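The values are calculated or read from the model by the stated rules, or taken from the named source; none is laboratory data. Because the structure is a prediction, the values reported are computed rather than measured. For neighbour counting, all protein chains shown are included, and Cβ atoms are generated from backbone atoms with ideal geometry for every residue, glycine included. We work out accessible area using only protein heavy atoms, side chains counted, and drop any ligands, DNA or RNA first. Shrake-Rupley method; radii C 1.70, N 1.55, O 1.52, S 1.80 Å.
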Amino acid sequence: MLLSRRHHFAFIHVPKTGGSSVAVALWPYADADAVDAYWANRWLSRIGIHVNHYAPSRFKKFRTHTSAAILCRELPAAEFDRLFTFGFVRNPWSLLVSYYHYLVRNRGHHRGRVAQRMPSFEAYVDYEIARGKISQSRMLTDAQGRLLVDFVGRFESLESDFASICGRIGIQATLGHMNSSGSRDYRHYYTDDLADRVGRHFAEDAGRFGYAFDRVVAAPAEARPRLTA
């Protein structure tokens with residue numbers, strides 16, 4: 001998650017949606033340096049703690065994958081409402097393939113060893129479904145399922161959507177490519193049965209953001225509820 005009070009934006013980093021590239025491009029415009037320099041955050045970092053929700057509002061430090069709901073809860077309502085908030089989403093079937101390749105190649109990740117012991121991609125998918133943790137909707141909505149961000153970009157149109165965001169917040173940034181899984185077409189990883197299981201489990205993400213197994217479809221329009229003083 002990146003926050004900029006100078007440029008009035010907050011980027012909600014949904015994992016495996018191109019967010020690392022977006023974060024690197026936006027880092028020079030964020031408040032990260034000032035937040036990291038705050039005395040309490042420097043002290044916490046020395047003991048391995050890289051989050052601080054108890055600091056004064058302008059020095060709060062958030063995790064990389066902080067949800068919009070947590071950001072909304074931790075900032076004063078008027079301050080949150082002044083921000084242009086955005087995140088990116090991805091076809092859920094493609095996202096699982098990307099997660100899988102990331103984990104099996106990353107022994108340093110806390111779930112990397114688990115994924116590396118899986119006998120197949122299908123076993124990994126069943127593991128993630130049983131965990132019930134991966135949800136793009138939960139990153140961008142409140143407890144009632146209402147969208148909390150102003151703009152939802154797509155991994156499938158990352159460059160053009162990022163350009164639109166830069167125009168909206170009035171900056172010039174170049175989008176690089178970070179953490180690419182380099183995997184082949186995600187559809188090759190699925191049997192019909194496995195694709196159906198993923199579709200049922202991630203029905204909220206697919207329906208909200210307009211995805212089907214083999215294509216992007218039109219998503220229903222949603223609006224962020226504007227906060228009032």
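What to note about this one:
- Complete set of residues in the range 3-17 that are under 11 Å from Gln136 (Cα atoms) and crowded, with 20+ Cβ neighbours inside 10 Å: Ile12, His13, Val14, Lys16, Thr17
- So Ala37, is it under 23 Å from Thr141 (Cβ atoms), more than 15 Å from the chain's Cα centre (by Cα) and either of a type in the set (Asp, Glu) or open to solvent by 20 Å² or more (accessible area, probe 1.4 Å) (or both): no
- Taking each residue of the range 24-38 that is charged (D, E, K, R) and at pLDDT 90 or above and looking for partners that are crowded, with 17+ Cβ neighbours inside 10 Å and assigned to a helix (DSSP H, G or I) with beta-carbon atoms closer than 9 Å, six or more apart or interchain, yields Asp31/Phe59.
- Residues satisfying the stated conditions in the range 65-90, i.e. of a type in the set (Lys, Arg) and closer than 15 Å to Arg146 by Cβ: Arg73
- Phe151 over 12 Å from the mean Cα position of the chain (by Cα), within 24 Å of Cys72 (Cβ to Cβ), surrounded by fewer than 19 Cβ atoms within 10 Å (Cβ to Cβ) and aromatic (Phe, Trp, Tyr): yes
- Failed criterion for Asp205 (all others in (1) touching a helix residue (DSSP H, G or I) at 6+ places or on another chain (Cβ under 9 Å); (2) open to solvent by 20 Å² or more (accessible area, probe 1.4 Å); (3) part of a helix (DSSP H, G or I); (4) modelled with pLDDT of 95 or more hold): (2)
- Every pair of residues 6+ apart whose Cβ atoms lie under 8 Å, when the first sits in the range 193-205 and is under 20 Å from Thr17 (Cβ atoms) while the second is part of a helix (DSSP H, G or I) and small (Gly, Ala, Ser): Gly199/Ala206; Glu204/Ser137; Asp205/Ser137
- Every condition in (1) open to solvent by 10 Å² or more (accessible area, probe 1.4 Å); (2) in contact with a Leu (Cβ under 9 Å, 6 or more places away or on another chain); (3) not in a helix (DSSP H, G or I) is met by His110 except one, and the failing one is (2).
- Residues of the range 113-145 that are loosely packed, with under 13 Cβ neighbours inside 10 Å and either assigned to a loop (DSSP other than H, G, I, E, B) or in contact (Cβ under 8 Å) with a residue 40 or more places away in the chain (or both): Pro119, Ser120, Gly132, Lys133, Ala143, Gln144, Gly145.
- Scanning the range 70-106 for residues that are more than 18 Å from Leu140 (Cα to Cα), open to solvent by less than 20 Å² (accessible area, probe 1.4 Å) and not aliphatic (A, V, I, L, M) returns Trp93, Ser94, Ser98.
- Sole residue being in contact (Cβ under 8 Å) with a residue 24 or more places away in the chain, on the phi > 0 side of the Ramachandran plot and either in contact with a Pro (Cβ under 9 Å, 6 or more places away or on another chain) or exposed (fewer than 15 other Cβ atoms within 10 Å of the Cβ) (or both), chosen from Gly170, Gly176: Gly170
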